[in-house]
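Undergrad: Before we start, here is the structure in question, set down as structure tokens.
The values are calculated or read from the model by the stated rules, or taken from the named source; none is laboratory data. Keep in mind that this is a model prediction, so the values were computed, not measured. Reconstructed Cβ throughout: ideal geometry from the backbone, glycine too, with neighbour counts over all protein chains shown.
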Amino acid sequence: MPNFSRSIRLGDLAHARSGDKGDRSNIGVVARDAQSYALLAERLTTEAVAEYLRPLGAGPVVRYELPNLNAFNFVIESALSGGASRSLRIDSQGKSLATILLEMPIPMPDDAGTSSPVPE
Amino acid sequence: MEMGVASGVSRSLRVGNGAGFWGDNLDAPYLLAREGRLDVLTLEYLAELTMAILAHLRSKDPSTGYINDFPELIARMGLLLRDQDRLSIVTNAGGLNPPSCAARCSGVLKGSGLDRTLIGVVTGDDVLDRIPGWLAEGVDLAHLETGEPMGVDLAGRLVAANAYLGAHAIAVGIRQGARLVVTGRVADASLTLGPAAAYFGWGWEDWPRLAGASTAGHLIECGAQATGGLWTDWTEVPDFPRIGYPIAEIEADGSFAITKAGDSGGRVNLATVAEQLLYEIDDPSRYRTPDVDVDFTGLSIQEKGTDRVVVSGARGTKPSDRLKLVGVYRNGWTASGMLAVVGRDAEARARAAGQIVLERVRRAGFALAETMIECLGAGDVARGVIVPASPPFEVVLRVTVRDPERAAVDRFCRELAPLVTSGPPGIVGYTAARPSPRPAFGYWPALVPRDLVEPGARVEIRTAAEWAASHPD
């Protein structure tokens, strides 16, 4: 087993944008290169994203893959407390979710080597 | 626009989108039309929330219910429309009342030499009056997310119900010579597909081409979000104040380039286009529109020079035999107020102040149905996910409520200012206007069989002079 004693911020590996559809949110995550895409395919799992966003009331997460764009689309149930017309939150449309997700720590193996992007 | 007839058109079609929502930059559509060498200017105004606002306006005055910024834009564009005789405009500015919108536009064109301009009005999306009959016939209109059938009670609270029409009626209008096509609710991508299908003479089962132009429409529908707006790497966007709005240069085979006008600000590159492609979508292998189901997973996206990205390879399949419908229903009243709070214990002061306000409303005899206290700056937007490293010295207190009774919400609105003298110290900003109660709405997304809606979808074409006479101001 590799040792994951350090981590890297998702924002160093990818860029992202989020929005809403009713009470669902989606976060499009685009890896900055093919190597990062491969890493995220393994580490940025539905379970990991659901766990990270759970304090915001996020429910089940579905991940779709777009290898042609080095990208993923995460669809998140019940993240908006009733949707844009109903939610009392200032971010009723989930516009900040992408920015929040980009702070997620992605565990990196100790032997990831120097070719991995910008470790913290 | 001189329309290419059937196949054999070799020139591409330049479609620019100058508005991504109602409230978008007022100058953008004018500048885009002036600088963009466009064949078609599209303007997309209708978010879900917008339909709720239009429903509220229509409930107060049945001659309203459309985007009233749009006739003002038409007034400003009179000269451009005369000079650029190939330019057409396709917009969903009609909202809940496309005929009145067209009539108002026609009124402002009076005397500009454009009286004989043909204007097409697309209707048939507004199905509010038909809902009770459908329910009686056993069409369940189940909520798309919860599966709950629409009851008679909820149907009675609806203020608007619109099916998402496709591109067909728009294309018919353009082919019959309309330079301005005003619709109500149509799928956003259809605003682009309609004129493209008309121009190239595509058949309605030519799935790859329909898919290509629909992808283009999806990419430009949110305006500057395709040209640098919202881009994660925002510090790399040149000249944000003059950000250019997006142009899709569509080819006869359905492939297209995304670009922007001349020396405008902003950026079009792989990153800005990829982020927008994923914006507000569900399954990327099945991006659903009324015209075609699009598969984005085979797309090829390439930068071809500065601010130019070429997209090809869209796959398409026959769409569902059901159309999306969204009902908007009244759901009480809401209001929100903000104050700034300073102090080494700013967060504690703000949370206490919020509780004081709500307690005073309760003691006045109102039990608010829903309340929320947010402490912005103390980590409440990313609540529990990202915790600020140190306690902030200043925060914004935001208190928001919703209740079936307007009186309860109104009382809440009057309790914010007194905090400044009867609450914790360090609360500032009460000179901003007291909040006002606003109507709150709920949405009911559902599916409806296509054959219940599409026979009623039509485009009516008249000259500006005729539209103006039909709805005298």
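Undergrad: If I ask for residues that are touching a Gly at 6+ places or on another chain (Cβ under 9 Å) and under 21 Å from B:ILE427 (Cβ atoms), which ones from segment B:386-400 would you list? Walk me through it before giving the result.
TA: The first filter runs over segment B:386-400 and keeps only residues touching a Gly at 6+ places or on another chain (Cβ under 9 Å), leaving B:386-388, B:392-400.
The answer is B:PRO388, B:PRO392, B:PHE393, B:GLU394, B:VAL395, B:VAL396, B:LEU397, B:ARG398, B:VAL399, B:THR400.
Undergrad: Could you grab me the full set of residues in segment B:177-203 that are part of a helix (DSSP H, G or I) and of a type in the set (A, V, I, L, M)? Steps first, answer last, please.
TA: Taking segment B:177-203 and keeping what is part of a helix (DSSP H, G or I), we get B:190-200.
The answer is B:LEU191, B:LEU193, B:ALA196, B:ALA197, B:ALA198.
Undergrad: Among the residues of segment B:37-60, which ones are farther than 24 Å from A:ASP20 by Cα and at pLDDT below 95?
TA: Selection gives B:LEU57, B:ARG58, B:SER59, B:LYS60.
Undergrad: Can you go through B:GLY113, B:GLY173 and tell me which one is touching a residue at least 12 places away in the same chain (Cβ under 8 Å) and on the phi > 0 side of the Ramachandran plot?
TA: Just a single option satisfies the conditions, and that option is B:GLY113.
Undergrad: Are any of the residues in segment B:160-169 within 22 Å of A:LYS21 (Cβ to Cβ), within 14 Å of another protein chain (Cβ to nearest Cβ) and either surrounded by 22 or more Cβ atoms within 10 Å (Cβ to Cβ) or in contact (Cβ under 8 Å) with a residue 12 or more places away in the chain (or both)?
TA: yes
Undergrad: Just for segment B:382-399: of the residues that are at pLDDT 95 or above and in contact with a Ser or Thr (Cβ under 8 Å, 6 or more places away or on another chain), which one is surrounded by the fewest Cβ atoms within 10 Å (Cβ to Cβ)?
TA: B:ARG398
Undergrad: Does at least one position in segment B:252-264 carry a residue that is more than 30 Å from B:ARG330 (Cα to Cα), of a type in the set (Gly, Ala, Ser) and within 14 Å of chain A (Cβ to nearest Cβ)?
TA: Looking for residues that are more than 30 Å from B:ARG330 (Cα to Cα), of a type in the set (Gly, Ala, Ser) and within 14 Å of chain A (Cβ to nearest Cβ), one finds none in segment B:252-264, hence no.
Undergrad: Could you count how many residues in segment B:72-123 are touching a His at 6+ places or on another chain (Cβ under 9 Å) and either modelled with pLDDT under 95 or over 23 Å from B:THR192 (Cβ atoms) (or both)?
TA: Within segment B:72-123, residues that are touching a His at 6+ places or on another chain (Cβ under 9 Å) and either modelled with pLDDT under 95 or over 23 Å from B:THR192 (Cβ atoms) (or both) number 6.
Undergrad: Can you pull out every residue in segment B:176-211 that is closer than 20 Å to B:ILE74 by Cβ and not polar (S, T, N, Q)?
TA: Matches in segment B:176-211: B:GLY177, B:ALA178, B:ARG179, B:LEU180, B:VAL181, B:VAL182, B:GLY184, B:VAL186, B:LEU191, B:GLY194, B:PRO195.
Undergrad: Which residues, taken from segment B:264-279, are assigned to a loop (DSSP other than H, G, I, E, B) and free of Cβ contacts under 8 Å to residues at least 40 places away in the same chain? Step through it out loud before you land on a result.
TA: In the first step, residues of segment B:264-279 are kept if they are assigned to a loop (DSSP other than H, G, I, E, B); the result is B:264, B:266-269, B:278-279.
Passing the criteria: only B:LEU278.
Undergrad: Out of all the residues in segment B:274-323, which are aliphatic (A, V, I, L, M) and at the interface with another protein chain (Cβ under 9 Å from one of its Cβ atoms)?
TA: Correct list: B:ALA274, B:LEU277, B:LEU278, B:ILE281, B:LEU299, B:ILE301.
Undergrad: Moving to a separate point now. Can you report the number of residues in segment B:344-365 which are crowded, with 18+ Cβ neighbours inside 10 Å and touching a Lys or Arg at 6+ places or on another chain (Cβ under 7 Å)?
TA: Final tally of qualifying residues: 1.
Undergrad: Consider B:LEU180 carefully, then state whether it is within 30 Å of B:LEU452 (Cα to Cα) and in the same structural domain as B:GLY120 (by TED's automatic domain parsing).
TA: Yes; evaluated as a whole, the condition is true for this residue.
Undergrad: Among the residues of segment B:201-251, which ones are within 22 Å of B:SER190 (Cα to Cα), β-branched (Val, Ile, Thr) and within 14 Å of chain A (Cβ to nearest Cβ)?
TA: B:THR215, B:THR227
Undergrad: So, one more: Pull out all pairs, ordered by first then second residue, where Cβ-Cβ is under 8 Å, the residues are six or more apart or on different chains, the first lies in segment A:40-66 and is over 20 Å from A:MET108 (Cβ atoms), and the second is among the small types (Gly, Ala, Ser) and in a helix (DSSP H, G or I).
TA: Pairs found: A:ALA58/A:ALA50; A:GLY59/A:ALA50; A:PRO60/A:ALA50; A:VAL61/A:ALA50; A:GLU65/A:ALA41.
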